[in-house]
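Here is the structure we will look at, set down as structure tokens.
Derivation of every value follows stated rules applied to the coordinates shown; laboratory data play no part. Note that the structure is a prediction, hence the values are computed from the model and not measured. With ideal geometry, Cβ positions are generated from the backbone for all residues, glycine too; neighbour counts draw on all protein chains shown.
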């Protein structure tokens, strides 16, 4: 059996199906042989017995036919002595003879049958002999003989026919008995064959069942176990199978392969577990080049190791690490890169914040130092103020005295102010007069200017006259020239006229220049008068303002007289108020001492804050961005 | 200004005014005129008996020209010159002289001399030969003079002198003596332009 187990599955299957095939072949062969036997038995039956029955039947038919023929011949009384019928009758008799011989040879082995047949032969021979006589009687045509023959036919021959008939029946019955015997034999054979077939089938079925059970045990059960194992592996269970089949067939190989797969997977799983536990030093090596899972594991380990290296750098404070995600779907890489970016930004913000904090704490420290100093100074100042207040109190008493003397002085000043006011009013009147006179002067000068303008017009007229005189002189000289020698004296006069005209023109131009200068002087005078008038106006306004100022001074002097009275009273009140101030200053002194203490504490706190800022700064310096 | 200096100032002013009024009273126009009359009435002396020619002298663009007075009708001041359209540039316009319309010729443009703006003293010399009559514009009129005939030289021949043909001669002082007959007979001055 062990050898069978080590056969390959194909061989097992071939063996099983071969056995079944052989069984089927045996059953088929035995069935075919039985059928052949049956067929031969049938053939024998037919050959032996049916032929004999047929022969017997033929013999009987021929007997009947010959009886009928002879009876016909006898009845016709020899009239119809037909050769043809006789011939037929002989023919039939010969057939029967040969059939009888045949039957006898066939039934030599059966004595009973042979006896019947021999009797039949005897009876027949007697019958034929009688019939021969009858035929002779017919052929002779002798009526007596014929009648004798007829009687023979009715009596003797009829008995013989009957005898033959019964003998034939006997033979037929014997034959039928043989047939029944033969049939019995056949049915026995059939029954035997059936039982044989049944037995063979049952045997084959049992054998097949045994094979199925064996194959089931050999193949299906281990495969089912492996399948279950595979399903459990598929569900993630990686149980180490202790029972590994040592069989050398496929099931054994499959089982060993499964075992290897399980151990491979469990090795990977334990590695993954270690990775999950954070151990990344163990470099997983792929089993072969085609070990996709192993190389993926190795890649994952490398990737995680790289990331952990970066993380270690980041942990060490080096934020300059550049993490490039492997792909767009590299969630861890992207998250890591984002984390590094955020950390970098955070560190930068922290750094700037800490800088600000350090600066601020520095400032606070210096401020608190200042405040402390100030508080100290305040305390000193408060002491000074207290003494000052004492002095002020004394001074206030003196002020009260001074205020009384001032009141008297103010009243005197008010009288002086009254006099000043009157003087200003007189000044104003005078100024008004001066202003009017200046306007008169200006009017006169403008009139003078108008006169000189008139003189200018006169000069222009004279100039025109001189021009015309000049032309007149020229025309006269022309006329004189035309007159020739006669006009010579006139020519001289004309020349003189012309000369005079030119002199007049020169005079007028001089006069015109003088007039221009006069006009300029007049303009200057008018402008001067105007400026004087304006100056007088200004003086008048100034004097008015002075009057108002003196009036205000007067009023304020009166007011100050009253005020100094009030001051005297107020100084008295001040003395009392100063007493209260002294009390308040004592309170302030206490408060400022408290302030000094509080400021010391604040200074200490600022110092701590500054220290913290420096520490943070030094820690932040360990981060490289 | 202090009061004392103000007083002195006013005093000086008053004195000057008195002096002025006195001077006004002494200036007598009749006496001046009488003196001039006496001077004019004095007889002419030592006239040499040489051939002389009378010339009417005038200035034009800084140069002096002379004309024989025989074709000069009279000299009138230039007043109310009316420009006439469709005339050559040297016809300045027309003026009314004693009820007649006389065209005024600008010799500066006619002779293509440098132009100078019109001054107040412009005068017009009226020329006429009985058929033709027009006025010559001049800058300054210098009056008539008699020159000895031998002082007059023939005109200098220059190439491209626009005045060639219109000059009779040149005096010793380089006055150009214009020929009034030629000017009056010049067909260029007869303007008949149709528009």
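What number, in nm² with one decimal, is the all-direction average of the projected area of the convex hull of the alpha-carbon atoms of region B:32-111? Walk me through the numbers on the way to the answer.
Working: hull surface 38.5 nm².
One quarter of the hull surface, i.e. the mean projection, equals 9.6 nm².
Kindly work out what percent of the DSSP beta bridges joining two residues of the protein assembly as shown are antiparallel, to the nearest 5.
Values: 35 of 41 bridges.
Taking every DSSP beta bridge within the protein assembly as shown, about 85 percent pair in antiparallel fashion.
Can you give the log10 of the normalised intensity I(q)/I(0) at q = 0.19, 0.20, 0.31 Å⁻¹, computed with Debye over equal Cα scatterers of region A:139-184?
Taken in order of the listed q values, log10 I(q)/I(0) reads -0.67, -0.70, -0.96.
Between residue A:173 and residue A:395, what is 0.36 nm times their sequence separation minus the Cα-Cα distance? Round to one decimal in nm. It would help to have the intermediate numbers written out before the result.
Working: separation 222, 0.36 × 222 = 79.92 nm, distance 19.28 nm.
Fully extending the segment from residue A:173 to residue A:395 adds 60.6 nm.
So what's the gap between the Cα centers of region A:553-615 and region A:356-389, to the nearest angstrom?
16 Å
How are the Cα pair distances of the protein assembly as shown distributed, in percent, across 20 Å bins from 0?
Binned Cα distances yield the sequence 8, 11, 8, 8, 8, 12, 9, 7, 6, 6, 8, 6, 1, 0.
How big is Rg to Rh over region A:74-230, alpha-carbon atoms, Rh as the Kirkwood inverse-mean-distance radius? Walk me through the numbers on the way to the answer.
Numbers: Rg = 35.3 Å, Rh = 22.0 Å.
Radius of gyration over Kirkwood radius for region A:74-230 works out to 1.61.
Please sort A:290-303, A:180-193 by packing, taking for each peptide the average over its residues of neighbouring beta carbons within 10 angstrom, highest first. Numbers along the way, then the final one.
On the way: A:290-303: 14.7, A:180-193: 12.7.
Highest-to-lowest ranking by the protection proxy: A:290-303, A:180-193.
Calculate the FRET efficiency for residue A:307 and residue A:202 from the Cβ-Cβ distance with a Förster distance of 51 Å, rounded to the nearest 0.05. It would help to have the intermediate numbers written out before the result.
Values: r = 74 Å, r/R0 = 1.46.
That pair, residue A:307 with residue A:202, gives E of 0.10.
Would you mind giving the mean number of other chain beta-carbons within 10 Å of the Cβ of each residue in A:489-497, as a whole number?
Values: counts 2, 0, 4, 4, 2, 2, 4, 5, 1.
For peptide A:489-497, the averaged partner shielding equals 3.
Please give the helix A:221-234 orientation as an angle from the longest Cα principal axis of chain A, in degrees from 0 to 90, rounded to the nearest 10.
10 degrees
Could you run the Debye sum over the Cα atoms of region A:304-351, one equal point scatterer each and no solvent, and tell me log10 of I(q)/I(0) at q = 0.13, 0.28 Å⁻¹, two decimals?
With one equal scatterer per Cα and no solvent, log10 I(q)/I(0) is -0.28, -1.06.
Based on DSSP H runs of at least 4 residues, each adding -39500 (n - 2.57), what is the mean residue ellipticity at 222 nm of chain A after dividing by all its residues, to the nearest 500 deg cm²/dmol? Present the calculation step by step, with values, prior to reporting the outcome.
On the way: 12 runs with 541 residues, N = 625.
Mean residue ellipticity, 222 nm, calculated: -32000 deg cm²/dmol.
Could you work out the relative contact order of chain A? I mean the mean sequence separation of Cα pairs under 8 Å and 6+ apart, divided by the number of residues, in percent. Numbers along the way, then the final one.
Working: 437 pairs, mean separation 107.4, N = 625.
Reported as a whole number, the value is 17 percent.
Using alpha carbons only, how many degrees (0 to 90, rounded to 10) separate the axis of helix A:331-483 from the longest principal axis of chain A?
So the inclination is approximately 50 degrees.
Could you list A:57, A:505, A:482 so that the one with the fewest beta carbons within 10 Å of its beta carbon is first and the one with the most is last?
Working: A:57 12, A:505 19, A:482 16.
Lowest count first: A:57, A:482, A:505.
Quick check: Cα centre of region A:283-323 to Cα centre of region A:163-201, how many Å?
98 Å
Region A:290-380: percent of C-alpha pairs farther apart than 17 Å?
It works out to 67 percent of all Cα pairs.
Once you treat every alpha carbon in region A:331-426 as an equal point and sum by Debye, what is log10 I(q)/I(0) at q = 0.17 Å⁻¹?
-0.93
At 0.36 nm per residue, and after removing the present C-alpha to C-alpha distance, how many nm does the segment from residue A:330 to residue A:360 gain when stretched out fully? Walk me through the numbers on the way to the answer.
Values: separation 30, 0.36 × 30 = 10.80 nm, distance 4.35 nm.
Working it through step by step, the gained length comes to 6.4 nm.
How much FRET efficiency would the formula 1/(1 + (r/R0)^6) give for residue A:534 and residue B:23, where r is the Cβ-Cβ distance and R0 is 35 Å, rounded to 0.05? Could the numbers behind the result be given before it?
On the way: r = 36 Å, r/R0 = 1.02.
The calculated FRET efficiency here is 0.45.
How tilted is helix A:111-140 with respect to the longest principal axis of chain A? Cα atoms for both, answer in degrees (0 to 90, nearest 10).
60 degrees
Give me A:578, A:617 ranked fewest to most by other Cβ atoms within 10 Å of their Cβ, as a rough exposure proxy.
Details: A:578 18, A:617 14.
Fewest to most other Cβ atoms nearby, the residues stand as A:617, A:578.
For region A:545-625, what are Rg and Dmax over the alpha carbons, in angstrom?
When restricted to Cα atoms, region A:545-625 yields Rg and Dmax of 30.4, 85 Å.
Using label points projected 7 Å from each Cα along Cα→Cβ, tell me how many nm separate residue A:136 and residue A:44, to one decimal.
Taking the two extended label points, one gets 4.9 nm.
Averaged over peptide A:478-485, how many Cβ atoms belonging to another chain are found within 10 Å of each residue's Cβ? Provide the component values of the computation, followed by the final result.
Values: counts 12, 4, 3, 11, 7, 1, 2, 1.
Average neighbour count from other chains, rounded to a whole number: 5.
Hey, rough spin-label estimate for residue A:220 and residue B:146, points 7 angstrom out along Cα→Cβ, what's it come to in nanometres?
Label at residue A:220, label at residue B:146, 18.3 nm between them.
Compute the whole-percent fraction of alpha carbon pairs in region B:52-189 spaced more than 28 Å apart. List each step's numbers first, then the result.
Working: 1194 of 9453 pairs.
Of the Cα pairs, 13 percent sit more than 28 Å apart.
Under 16 Å from a point 7 Å along the Cα-to-Cβ line of residue A:30: which residues of region A:168-202 have their amide N that close?
Inside the label zone: A:189-202.
Can you give the mean number of other chain Cβ atoms that lie within 10 Å of the Cβ atoms in peptide A:471-477?
Across the residues of A:471-477, the mean count of other-chain Cβ atoms within 10 Å is 6.
Could you list the square roots of 5 times each eigenvalue of the Cα gyration tensor of region A:419-551, that is, the equivalent ellipsoid semi-axes, sorted largest first and rounded to whole Å?
Working: eigenvalues 818, 15, 11 Å².
Those come to 64, 9, 7 Å.
Using mean Cβ contacts within 10 Å as the protection proxy, how do B:14-22, A:370-378 order, highest first? Don't skip to the answer; put the middle values down first.
Values: B:14-22: 9.7, A:370-378: 16.0.
In descending order of packing, they fall as A:370-378, B:14-22.
Could you please rank B:86, B:142, placing first whichever residue has the fewest other Cβ atoms within 10 Å of its Cβ? Write down the numbers at each step before the final one.
Values: B:86 9, B:142 17.
So the residues, fewest neighbours to most, are B:86, B:142.
How many nm is it between the label spots at residue A:412 and residue A:182, if each spot is 7 Å from the Cα in line with the beta carbon?
The two pseudo-label positions are separated by 20.2 nm.
Determine the equivalent ellipsoid of region A:345-621 by diagonalising the alpha-carbon gyration tensor, then write out the semi-axes as square roots of 5 times the eigenvalues, largest first, rounded to whole Å.
Numbers: eigenvalues 1907, 404, 19 Å².
With the √(5λ) rule applied to region A:345-621, the semi-axes are 98, 45, 10 Å.
Using only the Cα atoms, work out Rg/Rh for region A:247-315, with Rh taken as the Kirkwood radius, to two decimals. Spell out each step's value before the answer.
Numbers: Rg = 16.0 Å, Rh = 13.6 Å.
Using Cα coordinates only, the ratio equals 1.17.
Under the 0.36 nm per residue contour assumption, what length would be gained going from the current alpha-carbon distance of residue A:346 and residue A:439 to full extension? Each step should come with its number before you reach the end.
Working: separation 93, 0.36 × 93 = 33.48 nm, distance 9.03 nm.
Here the answer is 24.5 nm.
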